[in-house]
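The values are calculated or read from the model by the stated rules, or taken from the named source; none is laboratory data. Predicted model, so just to flag it, every value in this text is computed and none were measured. With ideal geometry, Cβ positions are generated from the backbone for all residues, glycine too; neighbour counts draw on all protein chains shown.
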Amino acid sequence: MNIMKKSTETIKFRVRYQETDQMGVVYYANYLVWFEMVRTEFFRSRGVAYRELEKEYKIFVPVVESHCRYKIPLRYDDLVTVIADLIEINERYIVFDYEVKNDGNLTTTGSTKHVFVNQSGKPIRIPEFVLKAFK
């Protein structure tokens, strides 16, 4: 089943010094960390905490694909807005698109695809309570 309307989550923070590289710009891998931060909030705000999925249900949601396009560099102390849109969900995987903005300017776009797996790492159907929470 595909999502008909977008389901969005947003976080805001300032770039920390430790997130920059020798050139003074945000190190490229940090964007994937930021995607995880907003995705975690997406789950939590809908009553489905990652921690609960892992500890109580032994369900894990690994990234199986990721993409990031860098348009404008970010630097220390920039105010960052990271937006996650759940754009696709079916019985076995979900797909998020991301936008990173600074002062309203789009700096970065990306996406991640996730499968739901059991403790052995075998793909499983997305539990009904997760599907309901995300609709």
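Below, the figures for the structure above:
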| item | result |
| --- | --- |
| Unique match (being within 21 Å of residue 127 (Cα to Cα) and hydrophobic (A, V, I, L, M, F, W, C)) among 87, 11 | 87 |
| Some residue of the stretch 112-119 being out of contact with any Gly (no Cβ under 8 Å at 6 or more places or on another chain), over 26 Å from residue 31 (Cβ atoms) and either of a type in the set (Lys, Arg) or not in a strand (DSSP E or B) (or both) | yes |
| Top-ranked residue in the stretch 120-135 [being assigned to a loop (DSSP other than H, G, I, E, B) and basic (Lys, Arg); ranked as nearest to the chain's Cα centre (by Cα)] | 135 |
| Qualifying residue in the stretch 116-129 (condition: surrounded by fewer than 18 Cβ atoms within 10 Å (Cβ to Cβ), modelled with pLDDT of 95 or more, within 18 Å of residue 8 (Cα to Cα) and of a type outside the set (Asp, Glu)) | no |
